[in-house]
1. Angle between the Cα long axis of helix 2-23 and the longest principal axis of the chain, 0 to 90 degrees, nearest 10?
2. I'd like the Karplus ³J(HN,Hα) series for region 35-47: coefficients 6.51, -1.76, 1.60, θ = phi - 60°, whole numbers in Hz, and an x wherever there's a Gly or Pro.
3. So which residue, out of Gln117, Gln96, Gln56, gets the largest mean-square fluctuation from a GNM of the chain using Cα contacts under 10 Å as springs?
4. Mind pulling the angle between the C-alpha long axis of helix 49-61 and the longest principal axis of the chain? Nearest 10 degrees, somewhere in 0 to 90.
5. Take every Cα pair under 8 Å in region 2-133 that's 6+ residues apart, average their separations, divide by the length, and report that relative contact order as a whole percent.
6. State the antiparallel share, in %, of DSSP beta bridges confined to region 2-133, rounding to the nearest 5.
7. Before rounding to the nearest 500, sum -39500 (n - 2.57) across all DSSP H runs of length at least 4 in the chain and divide by the residue total; then give [θ] at 222 nm in deg cm²/dmol.
8. Enumerate the calculated ³J(HN,Hα) couplings along region 70-81 in order (Karplus 6.51 cos²θ - 1.76 cosθ + 1.60, θ = phi - 60°), each rounded to whole Hz, writing x wherever the residue is Gly or Pro.
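Here, each number is a calculation from the coordinates, and none is a lab measurement. Small disclaimer: the values here were computed from a predicted structure and weren't measured.
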Amino acid sequence: MADEQRDRDAIRELLATYCFKLDNDLFDEMAALFTEDGTWDTAFGKGTGRPGIMAQARSIASGGAPRPRRVHLTTNIVIDLNGDTASVRSNWTVIQNGPSGPHIGSAGGYEDQVVRQNGQWMFQYRKIDRFIADGLT
């Protein structure tokens, strides 16, 4: 049971680290959280492999007006462990600055396939479902 709890904690840490890297535009470090052949499947397109993930993240970040400061929050994390793999479902919300103050910019769900490689949990596939958006982002 201790090993299972350690795995769950490490997977939750992976999800949180992803948010910090993404929110600070550290796209190379965010992509390093994926396996070499991992896929980041977003509402704005898909990146496969670390170079593809970095390129996809940069294309979203540079897609128009400067982006307001934002914070991704991940909640309702459900982890189905199966040895060195796991399926993870969670919800996410983006809080960001706007003309009239902070607001929810968008929200949705994550569907993740994660794997343990060399003792570290990594994303193999991250599907982002963006089903709440304010129209400003």
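1. Around 20 degrees separate the two axes.
2. Those phi angles translate into 5, 3, 9, x, 10, 10, 9, 10, 5, 10, x, 10, x Hz.
3. Gln117
4. The two axes meet at around 20 degrees.
5. Working: 242 pairs, mean separation 29.5, N = 132.
Reported relative contact order: 22 percent.
6. Numbers: 39 of 43 bridges.
Among the beta bridges of region 2-133, antiparallel pairing accounts for roughly 90 percent.
7. Details: 3 runs with 40 residues, N = 137.
Dividing the helical sum by the residues of the chain leaves -9500 deg cm²/dmol.
8. So the Karplus estimates, Gly and Pro as x, are 9, 9, 8, 10, 10, 9, 6, 7, 10, 10, 10, 7 Hz.
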